[in-house]
1. Using helices alone, what [θ] at 222 nm do you get for the chain, with -39,500 (n - 2.57) per DSSP H run of 4 or more residues, divided over all residues and rounded to the nearest 500?
2. So what is the relative contact order for the chain, in percent, with contacts set as C-alpha pairs under 8 Å and at least six apart?
3. Pop the C-beta distance of Lys109 and Ser38 into the FRET formula with R0 = 30 Å and round what comes out to the nearest 0.05.
4. Roll a 1.4 angstrom probe over the protein heavy atoms and tell me the percent of accessible area of the chain that is carbon or sulfur.
5. Sort Val76, Val83 by heavy-atom solvent-accessible area, probe 1.4 angstrom, most to least.
6. Hey, for a label at Asn59 modelled as a point 7 Å past Cα toward Cβ, could you say which residues of segment 79-94 have their backbone N under 17 Å away?
7. Taking the alpha-carbon set of segment 13-115, what are its Rg and Dmax in Å?
8. Keeping all protein chains in place, calculate the accessible area per residue for the chain (probe 1.4 angstrom), answer in Å².
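The values are calculated or read from the model by the stated rules, or taken from the named source; none is laboratory data. Quantities reported herein were computed from a predicted structural model and do not represent experimental measurements. Don't worry about glycine lacking a Cβ; one is built from the backbone with ideal geometry, like all the others, and counts go over all protein chains shown. What goes into the accessible areas is simple: the full protein's heavy atoms, side chains included, and nothing from ligands, DNA or RNA. Shrake-Rupley method; radii C 1.70, N 1.55, O 1.52, S 1.80 Å.
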Amino acid sequence: MIYCDPGIMKQVRNHANTLKEDQFSAIQTDDCMLEFMSSDIRKGSGLLKACKQLHLDLNTCLSLGDADNDVSMFDVTGYSFCVQNGTKLAKEKAKYILPYTNEKDIIDKIVRKYI
């Protein structure tokens with residue numbers, strides 16, 4: 001994980017993208033954080049495996065996130081929510097944008113309103 005001044009994050013991301021490593025990917029998870037992880041590990045692939053083992057229909061599942069690393073979940077669940085202060089990409093990919101930030105008690109609010 002790289003933690004840096006948000007003002008230079010674009011430069012840090014651009015440099016990370018030039019590394020062209022097949023073994024890892026870099027995903028910005030906050031205005032000041034860039035996370036590196038194995039390129040074959042994603043939240044969405046984890047959900048696919050879990051739902052298969054539990055015999056759950058992903059179309060009935062809900063995903064909630066705030067950052068680019070949550071987009072793979074949004075792609076596989078029937079209901080995807082991004083908080084108000086989520087990243088631009090997360091907001092673009094989620095089916096619903098919540099009027100709450102991730103500092104609020106959003107799980108309770110989602111359950112009460114949407115489930």
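1. -9500 deg cm²/dmol
2. On the way: 178 pairs, mean separation 19.8, N = 115.
Relative contact order comes out at 17 percent.
3. Details: r = 33 Å, r/R0 = 1.11.
After rounding, the FRET efficiency stands at 0.35.
4. Details: 4000 of 7570 Å².
With neighbouring chains kept in place, the figure for the chain is 53 percent.
5. Values: Val76 35, Val83 0 Å².
Largest accessible area first, the list is Val76, Val83.
6. Only 79-80 pass the distance filter.
7. Over segment 13-115's Cα set, Rg and Dmax evaluate to 14.7, 45 Å.
8. Details: 7570 Å² over 115 residues.
Accessible surface, normalised per residue, equals 66 Å².
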